[in-house]
Amino acid sequence: MHRIRKIACMLLIFLSWLFAEVPALAESNLVYSISGHDINVRIEADGSLEIIESIKYTSFGGYNNVMLFIDKQEGETVDIKNVYMIKNGSYIECDQLSAGQWDANVFSGTYSVIEEDSAVRLKVYGAFSKRNGAIVVKYKVHDAIKRYGDVAEFRRTFVPKNWGSRVNNINILVSLPDYTDTTRIRPFLHGVLVGRKTVEGKNAISFNVPDTVPGEYVETRILFPENLVPYARVTDDRYHLYSILQEEEEYKDSSKEELLKARENAAKEAGRRAWAERMNQRARIIATFVSLGASLLAIFILYRIRKELHHLMKTPFPLDMRDLEKLSPAEVRRVVANGRGRGRSFLGSLLHMASLGYLKVAVAKKKDTGSLLIFQATDRDSFEGLTLAERYLLEWVNAFKNDEGWFEPSALLARAGTNEGALQLKKLCVTWEQRIVEDYGRKNVLATRLVFYRELGLLAGGLLFILGCIIPVALSIWAGYLMLPVGFTLFLYSLRIQKHTDYGVKQHRTWKELKRRLLKRAIALDNLPPWMTDGLALLGYSIVLGTEKQLGLVETALQKANDSLNKTLIEDEQEPLSRLIKNTLSVTDKALSWVQDIPTDDATYQGQELAHG
Amino acid sequence: MGLTAGCGLLLFKRQPKRLWLIVFAELAMICHFILTYVIFANGTEAAGTDGLIYHQVAKDVARQLWSGTPLWAVKYEYTWYTVMVGIQYALFGVNRFAASFVNSFLAVLSGYLLTDIALKLNYSFKKAAFIGNVYLFIPSMLVWTTDTRKESLSFFISILLWYLALRIVKEREWSVIKQGLCIGLVCVLLYVSTLLRIYMLFTLGGGLLVGLFFHYLKTKRSVIAVFGVTVLIACIALTFTMVLTNLNDYHALPMDRSQGGDEDLDDELESIIKTIIEKDIPRAVNGFLTRPHLEEVDNITDISGNYAAVTIVRIEQVLWYICMILAIFGFLNTLLEWDPYLLGLIAFIVSYTLINALISENVADTYYRYRAAIIAPMLLFADYRPVIRNLKTMLMGKS
């Protein structure tokens, strides 16, 4: 038992890995990256910055918001002016999410601003469902320039260190408020190993970084004459040029180990993704073939089982059926209708038991249901000629009898109408049906070879059903879904294999033929087996076969017996036999159907015995 | 919390071991409270996405109510849930914490109802309480039902609807009036669900109809026929009066009118069909059922960089995969037993999965949030033992 549990646990872990890992391989490229990041900065004379950031996203598997981190240093204030996003090929202006502006559809272009200590988090909401998305953000940063006694400093981070994805083509253009000597402009670029900084002219500096990977960052720093920002607040009137240059020398000489590590990690990650993509492709191809192969194999197993079951040719039916093997009415119902119509089985069995002398039958007139057949157990002690299910039914009749000792089918209906009674009735039904299966199973024993096929079919079918649920979802392949119906069909077929054995098929054909002949009145009483020629027994079999509308033969059999009950049954003009059967059948069928929705709990029903009284 | 305990005592008055269930429910409430304070640590006017939007709209609704606008004339955006919160704000003052606490209460109540559904399906108390507790403590459920999002109400209505359906089909001693009232309430819940999410009519209504159809075939009870016909009429009426009229302006559907894409209903339907055709269906189903994949979790904007949250979501994802695998056995068992109620639930799960996979954006966190609606019904299937027990019983009688 412990070993089974261990195997089950390991299987579960493997299957959850399949869900967790394989889709991860399948979707390896869906993490978005930034394909272009253009930044235009204009430094104003008052030390503020006018910035326009234009960001293009690619490999966008779909997103409803994007985030932009705007660097905010101590003493600075960031003022978002406009946010645009691309939609249907053109830019639209986004509305800020704030009170009073709720008329716009949030996913058609809005943004929110979250102020943090060292950054402003700008979230743009929209339907970024296409491959390409773009936003443009215009904002102003107040008091962004540090003005010292000898120099002014511009220092900003445009790609933060903790940015999780790759950023490509970063182009930053910074314009100074006025012209100056190019030798007095000193640009610095931090955070990347590859990048270019150029003084473009007397008032423009550009930075170009081909790409950054997670772990790298883009920090720009420009030193320029402090008189270019005459209206800027003085940060410190001491000289800072020397110390800043020294800082830059130190940065230049540093090992930049972190950046190297980040590049290395990114290369490894790219390699892993490429490998994962290849593996995913292979896994999908293999899984497609496996799914198709497994489905074909299941169909082959189904074919083999069918072949194994039907190696005898169909034989013609005899004209008379006197040698028909005896099955109880409940078993007959199981053969011809797979157990459907429990009321018929029930009533047929009662009438069969009455024909054997275990029950007495009478007619009771009821206002609400019309006349019904009612039953009473006789004093007969032995159970000769009764099946297990019929013996159980006999106990049932005794348990449900009224004060006068009669069992009325309408009592079942009353029980089915209450929660407790319905539960009890369901339990009785389940046990009774189990016994019918047992009775029939004894006659329809599977050969060892068929037991092997049944178990093979069950195992293969069940496994295929489970794989049919997992593989197409985990690997996103159509072919995998084929395993679902094939697996389930094989599973069900194997489970109900007894219905398809030679014995089962023969019984099915024979009883169907008898039904046809009874309906067409194409059989005489003498051509029926002796155990069926009794009026009540024939009535019971007619009911389970569904031929109760053609009662001519039954009436003949009842007349032959010539007892008082039989006369009552066939000579009552107010309540003809057909109506009597119809009423009783309606009540029993209704009562037994009503309780079929109660969940089966086999643990509770195993060995359920009736409490008498 | 008192109300939570009271509801628990009332609902499980016949269960001797109910105390533990209620203790866990209270614990879940406390978790919700803590989470509420964590989410709103930086103030209630900045935290969240949808929750923040609904909160702002609800404030506007409350302002309209204060200015004397009658309830039926109130203008609201996005979802009817904002009106609910707006009414609460109008009555008790604007307080996002209070609105979140109401959501927490509804989530716990949903957990109770789920437990009771399991009990009424004849599951043992241990198993039913386990299902209820998993629902209460699963991290995504805690998160989605804590903020001022509509998920909590949406899940509650969905579970309540299935709970009522089960009661109607199970209870044989109810009077006709009580049955009629409950059937009416189910129709009202269908209406409210449609107000909250337009496609819920088809998933819930469809699931119910499938369940009731098989139920009627199996039992032939007239009350089931009446129930089924009423639900069918309600579905048809709601389709024409609500779904088709509101389809154009429904914000969660692609290319709606507000995006300047389509002008009329035909175009809207055409765009939906086009979206579906363009999708790689197996991949979309994979996305809905399995995303965010483990390596995607740290890309979810709301938790990105939060190591603890990322780890919790990853653990939850693994547990969800295990739950799905176990549920396959439950599905197999349902098909074997042909249990109409559970067949209805399967129809609900399948239709909800397909609709969301085909229409929703291919976004991991959207899938993650939308998928939360099927966690509760999936938990009812996640057990491999019944199918093995049933097979054993079936085979024992046949060998």
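Here is how the numbers come out for the structure above:
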item	result
Enumeration of residues in segment A:440-459 that are surrounded by fewer than 21 Cβ atoms within 10 Å (Cβ to Cβ) and modelled with pLDDT of 85 or more	A:Leu456, A:Leu458, A:Leu459
Residue ID - surrounded by the fewest Cβ atoms within 10 Å (Cβ to Cβ), chosen from residues in segment A:470-491 that are of a type in the set (Val, Ile, Thr) and within 15 Å of A:Asn280 (Cα to Cα)	A:Ile477
Filter pass, A:Tyr481 being under 34 Å from the mean Cα position of the chain (by Cα), at negative phi, facing chain B (nearest Cβ under 9 Å) and among the aromatic types (Phe, Trp, Tyr)	yes
Criterion violated by A:Ile244 - all others in (1) among the hydrophobic types (A, V, I, L, M, F, W, C); (2) assigned by TED's automatic domain parsing to the domain that holds A:Leu189; (3) closer than 23 Å to B:Glu296 by Cβ satisfied	(3)
Residue, nearest to A:Gln507 (Cα to Cα), within segment A:443-469, restricted to residues that are within 10 Å of chain B (Cβ to nearest Cβ) and charged (D, E, K, R)	A:Arg454
Listing of helices (runs of 4 or more DSSP H) fully contained in segment B:283-392 that carry 3 or more residues being of a type in the set (A, V, I, L, M, F, W, C) and within 30 Å of A:Phe69 (Cα to Cα)	B:307-337
Residue within segment A:589-602 that is at the interface with chain B (Cβ under 9 Å from one of its Cβ atoms), loosely packed, with under 14 Cβ neighbours inside 10 Å and modelled with pLDDT under 80 present	no
Residue within segment A:464-482 that is of a type in the set (Val, Ile, Thr), in a loop (DSSP other than H, G, I, E, B) and outside the structural domain of A:Arg333 (by TED's automatic domain parsing) present	yes
Test result for A:Ser476, within 11 Å of chain B (Cβ to nearest Cβ), touching a helix residue (DSSP H, G or I) at 6+ places or on another chain (Cβ under 6 Å) and over 30 Å from A:Arg342 (Cβ atoms)	yes
Criterion: closer than 27 Å to B:Arg314 by Cβ, surrounded by 23 or more Cβ atoms within 10 Å (Cβ to Cβ) and either outside the structural domain of B:Tyr321 (by TED's automatic domain parsing) or of a type outside the set (Asp, Glu) (or both) - qualifying residue of B:Ala372, B:Ala376	B:Ala376
Residue satisfying condition, being farther than 23 Å from A:Leu490 by Cα, without any contact (Cβ under 8 Å) to a residue 12 or more places away in the chain and either out of contact with any Cys (no Cβ under 7 Å at 6 or more places or on another chain) or not assigned by TED's automatic domain parsing to the domain that holds B:Tyr135 (or both), within set B:Gly287, B:Gly344, B:Gly305	B:Gly305
Filtered residues of segment B:333-352 (kept if surrounded by 20 or more Cβ atoms within 10 Å (Cβ to Cβ), among the hydroxyl-bearing types (Ser, Thr, Tyr) and under 26 Å from B:Asp280 (Cα atoms))	B:Tyr352
The lone exception for B:Asp116 - which of (1) under 22 Å from B:Tyr135 (Cα atoms); (2) without any contact (Cβ under 8 Å) to a residue 60 or more places away in the chain; (3) acidic (Asp, Glu) it fails	(2)
Any chance A:Ile471 is in contact (Cβ under 8 Å) with a residue 24 or more places away in the chain and of a type outside the set (Lys, Arg)	yes
Residues (in contact with a Lys or Arg (Cβ under 8 Å, 6 or more places away or on another chain) and more than 14 Å from B:Thr353 (Cα to Cα)) located in segment B:366-391	B:Asp383
Matching helices (runs of 4 or more DSSP H) fully within segment B:155-264 where at least 1 residues are under 16 Å from B:Tyr341 (Cβ atoms), over 22 Å from the mean Cα position of the chain (by Cα) and at pLDDT below 95	B:200-219, B:222-238
Yes/no for A:Ser255 being among the hydroxyl-bearing types (Ser, Thr, Tyr), modelled with pLDDT under 85 and either out of contact with any Cys (no Cβ under 7 Å at 6 or more places or on another chain) or within 30 Å of A:Asp526 (Cβ to Cβ) (or both)	yes
Every residue from segment A:397-435 that is out of contact with any helix residue (DSSP H, G or I) (no Cβ under 6 Å at 6 or more places or on another chain), aliphatic (A, V, I, L, M) and within 14 Å of another protein chain (Cβ to nearest Cβ)	A:Ala414, A:Leu423
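For every residue, the table says whether it meets (1) in contact (Cβ under 8 Å) with a residue 40 or more places away in the chain; (2) buried (at least 19 other Cβ atoms within 10 Å of the Cβ); (3) under 30 Å from B:Ala128 (Cβ atoms).
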position	(1), (2), (3)
B:Trp20	yes, no, yes
B:Ile34	no, no, yes
B:Thr44	yes, yes, no
B:Ile53	no, yes, no
B:Ala62	no, yes, no
B:Ala73	no, no, no
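A quick yes/no check of all residues on (1) outside any loop (DSSP other than H, G, I, E, B); (2) surrounded by 13 or more Cβ atoms within 10 Å (Cβ to Cβ):
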residue: A:Arg221; (1), (2): yes, yes
residue: A:Tyr231; (1), (2): no, no
residue: A:Asp236; (1), (2): no, no
residue: A:Ser243; (1), (2): yes, no
residue: A:Glu247; (1), (2): yes, yes
residue: A:Ala274; (1), (2): yes, no
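The values are calculated or read from the model by the stated rules, or taken from the named source; none is laboratory data. On a predicted model such as this, the values are computed, not experimentally measured, just so you know. Ideal geometry is used to build each Cβ from the backbone, glycine not excepted, and the neighbour counts take in all protein chains shown.
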